[in-house]
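Following: one structure in structure tokens, then a few remarks.
What follows draws every value from the coordinates through simple rules; no lab data is involved. Since we're looking at a predicted model, the values are computed, not measured. Every residue, glycine among them, receives a Cβ derived from its backbone with ideal geometry; neighbour counts consider all protein chains shown.
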Amino acid sequence: MTIDKKLTSVFMFFYLAVIIYLLLFLLFPDIKEAIMQSRQDIANLTEGSNYYWALLFALIVCFIGSASIGFPVPFPFVLFSLSNSIYLKYTKRGLVLGEILVSGPFWLEIMGIAIAGGLGAALGEITSFLLGRGAKIIVKKSDKESIVLHNIEGFGKLIIEHPNRMYLYVFIAAALPIPDDPLWIALGMSEKKLSIPKLIIAGWIGKTITTTIYVLLPILIILGLAASGIEVNDESTVITEAIMLLVTLTIMYFILAFDWNKFLEEKRKQLKKIMNSRKN
């Protein structure tokens, strides 16, 4: 595990904020009532023309989340909240869970948030690409290419070794919950001629897979509660959402803390050994 102490402090702040929020909800009736009322108001976030602003908001937040290299921006929680807003909006119209799940407009709105978030996340990676371009220029002037390339981590090395598969790697890295900034930095440093629109499209498709998972979480939580025989109401969902946010933060922390460079380097060495043994 390798993670900066400052980032650990940021995650600890988020953890404490969620725990305090949950304790206030459970222990103080007045605060609980205010939170319950806010849950009713959250449906207005995607009501009518507000939905288009919600799409723009999802795009911007996910853009910032991807553009902030190495710094955790909890955009999954924003997508979760917007998705939950859509669900609450349909419940306010008198629809029950079964009716909502077979509603075409409901799923179109849900996927709209996921697609907008995926586009924002893909566009945000352009900052890493530009950083790589800038590093490439510096490298050419300083003749220290080997040192710079040595510092590119994770999937970035795969781009340098297998440039013909770069669009596939962009898609895979975007679809998986791993830091893909080194990949885009490597793309920026690559000597191969690149199609920026194709890179963005590959990243957009991959990121949309990830954002779809986040926007489906509220629905999965509700289905899980219903399947467990737990009464689905505002109180139970508030508690479950807080727990899910803690789980999401934990996953984000371990993703950033995991030494992907060491892991991939070991896997590559194992693969080379297997290939060499087959040749012999």
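Quick one: if you stick a label point 7 Å off each Cα along the C-beta vector at residue 53 and residue 274, how many nm between them?
5.3
Modelling each spin label as a point 7 Å along the Cα-to-Cβ direction, I'd like the residue 246/residue 131 distance in nm, to one decimal.
Inter-label distance under the simple model: 3.2 nm.
Under the Karplus relation 6.51 cos²θ - 1.76 cosθ + 1.60, θ = phi - 60°, what is the ordered set of whole-Hz ³J(HN,Hα) values for segment 243-248, x standing for Gly and Pro?
Coupling constants for segment 243-248: 5, 5, 5, 4, 5, 4 Hz.
Give the separation of the Cα centroids, segment 44-65 to segment 187-226, in Å.
17
Given R₀ = 25 Å, what would the calculated FRET efficiency be for residue 239 paired with residue 15, taking r from the Cβ atoms and rounding to 0.05?
0.95
How do the peptides 91-103, 197-209, 118-130 rank, highest first, by the average count of neighbouring beta carbon atoms within 10 Å per residue? Let's see the in-between values first.
Details: 91-103: 12.6, 197-209: 19.1, 118-130: 22.8.
Put in order of decreasing packing, that is 118-130, 197-209, 91-103.
Which FRET efficiency value, to the nearest 0.05, is calculated for residue 34 and residue 209 with the Förster distance at 41 angstrom and r the Cβ-Cβ distance?
My answer for the efficiency is 0.65.
Could you sort 77-85, 24-32 so that the peptide with the highest average Cβ count within 10 Å comes first and the rest follow in order?
Output ranking for 77-85, 24-32: 77-85, 24-32.
Any chance you could run the full-extension gain for residue 165 through residue 226? It's 0.36 nm times the residue separation minus the Cα-Cα distance, nm to one decimal.
Taking 0.36 nm per residue and subtracting the Cα distance, the gain is 17.6 nm.
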